[in-house]
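The values are calculated or read from the model by the stated rules, or taken from the named source; none is laboratory data. Small disclaimer: the values here were computed from a predicted structure and weren't measured. We place every Cβ from the backbone using ideal geometry, glycine too, and count neighbours over all the protein chains shown. For accessibility, only protein heavy atoms count, side chains too; no ligands or nucleic acids. Shrake-Rupley method; radii C 1.70, N 1.55, O 1.52, S 1.80 Å.
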Amino acid sequence: VQLQASGGGLVQAGDSLRLSCAASGRTLSSYAVGWFRQAPGKQREFVAAIRGSGNSTLYTDSVKGRFTVSRDNVKNTVYLQMNALKPEDTAVYYCAVRPTAWLTAERGAYDYWGQGTLVTVSS
């Protein structure tokens with residue numbers, strides 16, 4: 001499966017962005033999809049994940065209440081709506097697929113990765 005992340009950009013603190021993760025080569029409806037991010041000089045960290053059915057989600061504490069993960073299985077696309085952005089949200093954001101329905105924040109559990117999209121939040 002190939003993943004294409006898009007939607008990143010330069011915004012100011014408090015602004016919103018919506019990231020998209022479009023998949024090709026395989027339908028995502030049975031798989032969990034996760035979003036991760038990597039800031040300069042830091043390890044890649046989990047942000048959010050959604051089950052194939054879309055009826056269950058998982059978030060890291062720092063984005064709860066600000067970020068929302070959703071999916072459109074007809075379009076084979078997963079979204080990350082990011083509101084109230086903070087400078088500490090600045091990172092390259094990656095989407096990844098786990099070939100099972102179960103959610104996890106464990107990076108190693110995801111087999112397929114997109115190329116990443118840069119989000120820069122200025123203060």
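Points worth noting:
- Note, ³J(HN,Hα) from phi for region 31-42, Karplus 6.51, -1.76, 1.60, rounded to Hz, x at Gly and Pro: 10, 6, 10, x, 10, 10, 9, 9, 8, x, x, 10
- Sparsely packed trypsin sites (Lys or Arg not before Pro) within region 1-104, loop by DSSP, other Cβ within 10 Å at most 11: Lys42, Lys64
- Amide hydrogen neighbours beyond the local backbone of Val47, cut-off 5 Å, H modeled: Trp35, Phe36, Arg37
- Counting charges near Tyr112 (Lys, Arg +1; Asp, Glu -1) among other residues having Cβ under 11 Å from its Cβ returns a value of +1.
- Backbone N within region 1-43 under 13 Å of label point (7 Å from Ala105 Cα along the Cβ vector): 35-37
- Expressed as a whole percent, the accessible area of the chain that falls on carbon and sulfur atoms is 46 (1.4 Å probe).
- Taking 0.36 nm per residue of separation and subtracting the current Cα-Cα distance, fully stretching the chain between Arg44 and Val1 would add 13.4 nm.
- Distance between region 14-47 and region 92-121 - C-alpha centres, whole angstrom: 5
- Along region 94-104 the Karplus relation, 6.51 cos²θ - 1.76 cosθ + 1.60 evaluated at θ = phi - 60°, assigns HN-Hα couplings of 10, 9, 8, 10, 10, x, 7, 7, 6, 8, 7 Hz to successive residues, with x for each Gly and Pro.
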